[in-house]
Structures are given as structure tokens and as C-alpha cells.
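A short reminder: the numbers here are calculations on the coordinates, not readings from a lab. Note that the coordinates shown come from a computational prediction; the quantities given were computed from them, not determined experimentally. Glycine gets a Cβ as well: all are built from the backbone with ideal geometry, and neighbour counts include every protein chain shown.
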Amino acid sequence: MFAPPPELTLDIWTELPSEFHSAGRESDWFFGKDHKTHSFLEGPAFDGGGNLWVSDIPFGRLFRISPEGRWTLAAEYDGEPNGLAFDTEGRLFIADHRRGLMVMERPSSGEVRPFLPRLKREGFRGLNDLIFDRAGDLYFTDQGQSGLQDPSGRLYRLRHGTGHVDCVLDRIPSPNGLVLSPDERHLLLAVTRANQVWRLPLHADGTTSKVAAFIQLSGGFAGPDGLAMHRDGRLAVAHCGLGSVWLFSRLGEPVLRLRAPRGLSTTNLCFGGPEGRTLYVTESDTGTILRAEIPGETL
């Protein structure tokens, strides 16, 4: 194993205003959770105007946060939205745990509609996260309640233009966040219940081979959740249940640990800011957005 890396503390940038707290409301999504909260923020993604979008899974809400930290309820619908991703046309795609793949054709409209609610007449187990490649293909994870006891999660690819869906990999114990390497030759996949990040070579025909455990983590009550790739190839991993984000080198060596100032549910993250060096993190139990400037590669 490696020596403990240097540590920094994440700053609280903004938090969900009390007027949007949903304390007392019921949601089936809380099944299996230790406690209920007024929200559960996930899926951070920036639009073309520099606004940060986040989802609130149990209460079917999407929020838009301005660069100044002001919150707007952008949509509310009968679903459980998790991961978010914008395509090159500005459409917002949503990995919905209950309703499949959803889309907002015009994010300013507040209208959310089904895009791919099921596959081959079967519903998904529960979509979790998604990412576009430069060609416009969409990779997304179907996690459901899979885990070591039931490694039935899947990774899919929706091909741009044709709409054909490939199952890239199955028999995964809880596939979660995902990110592409800078050259898009590999996909990195958070496998939460195994406490691992897998590395998948991507072939031109949409298949993969020689899948490997790239990073082995430990601890926390969950495991690696969201992933984000710095443009220099370093990988940021949100470790849910440990209140931390790990930064790994291109070789998988830990180079930095960022701790949340409060809460243990560091669930997802993305890079933003003028130079793409600011890391934004959702801490879901407290409804806060954390951030930190990531030091240079020489750290």
C-alpha cells in the first residue's frame, strides 16, 4: 500500500436554502438508508453558462446554482434523478433511478420527459450515472440494489445517431460513477460495494476486455461514488461514507486527500472554474456544495 497523502479541507461554497428543505416528506428511495434527510444532492454538472446543476434524488428535483451561489428550483417531477450530463446541443440528460434515462430538451423549460425508460421491453434496475464521449456516445450505469451478494449491475453505451444500445459490461457489484480517460481509450468505473475503481479498455466495436481493478479503497459505509477526471489525467474519487475525496495520479497513486468540513456523504463531483481546476463536491447529508482549488501536478 501507499503512504498517506497530504490533506486539505474542502470549503463550503453554498448549501441548499432552508426554503427547499423537504423535511417530513416521504420517499421510497430512502429504503435501506440509515436515516432520512431533507434532500440528497447528487449529479453535479455545469451548463454552458457556468451554472452548476445538481439533482435531489428522493424528491425528484433539479436545482440550478448560479456562479454566485444562488439556487433555483429548475424542475420537479415524479422521478428519482441521480447523474446529470449535458450534450453538445445543451440538452440535459438524467440517469433516473426509477424511470430510466430522462431528458430536458430545453433546461430552461423545466420539462422532463422520458428518453429511454426501458430496454428490450424490460425496465432498468436503477440508473445511477452517465457521461458523454467526444463522439456523442452516452455511457451510463445501471446499479439498482446490486452488490457483492448480487453482482447484476451493468454498464451501457447509447450510440449517437443510431440510438443502438450496447451492454458494455455486466455482472458488476454496484456500478456507480464513471469517467473517460483524456484520450478516451479507457473508462474508469466506480464499483461501490467492492470499494474499487475498475479500468476498462474501450475497443472500437464497443466491447471491452481485460477489465482490471485499478484502485482498491477501504473503509466508509459505502465506497467510491462519483468520479471526475482532471484534464492532466489525475482522477478524483468521491468516497461516500468517509467524508473524503481522493486524488490519484495517472498511475493510480494517491496524491491528495480532501476532507469534508462536515458530513460523511461525499457522493459526487466535477471540475469547473475558469481553468477547470476547481473541484465541486456534493455532500448529500447536509445539502452542501463543497469546493477546492486543486494544486498543480507537481504536488
Exercise. Can you put Arg231, Arg159 in order, fewest other beta carbons within 10 Å first?
Worked result: Arg231, Arg159
Problem set entry | Kirkwood hydrodynamic radius of segment 122-262, from inverse mean 1/r over distinct Cα pairs, in Å | 15.2
Exercise. Would you list Ser18, Ser174, Ser181 from fewest to most Cβ contacts within 10 Å?
Worked result: Ser18, Ser181, Ser174
Problem set entry | Computed P(r) (all Cα pairs; the chain; 10 Å bins; percent) | 6, 31, 39, 21, 3, 0
Problem set entry | Prolate/oblate/rounded label for segment 1-142 (Cα gyration tensor, a/c 1.5) | rounded
For this session: List, in order, the whole-Hz ³J(HN,Hα) value for each residue of segment 147-161 obtained from phi through the Karplus relation with A = 6.51, B = -1.76, C = 1.60 and θ = phi - 60°; use x for Gly and Pro.
Result: x, 4, 6, 8, x, 10, x, 9, 10, 10, 10, 9, 6, 5, x
Seminar exercise, completed: the chain: relative contact order from alpha carbon pairs under 8 Å, six or more residues apart, as a whole percent, is 15
For this session: Taking chymotrypsin sites (Phe, Trp or Tyr not before Pro) as candidate sites, keep only those in a DSSP loop with at most 14 other Cβ atoms within 10 Å, then name the longest stretch of the chain containing none of them.
Result: 32-220
For this session: Using the Kirkwood radius over Cα pairs, work out the Stokes-Einstein diffusion coefficient for segment 234-292 at 25 °C and 0.890 mPa s, in µm²/s as a whole number.
Result: 214
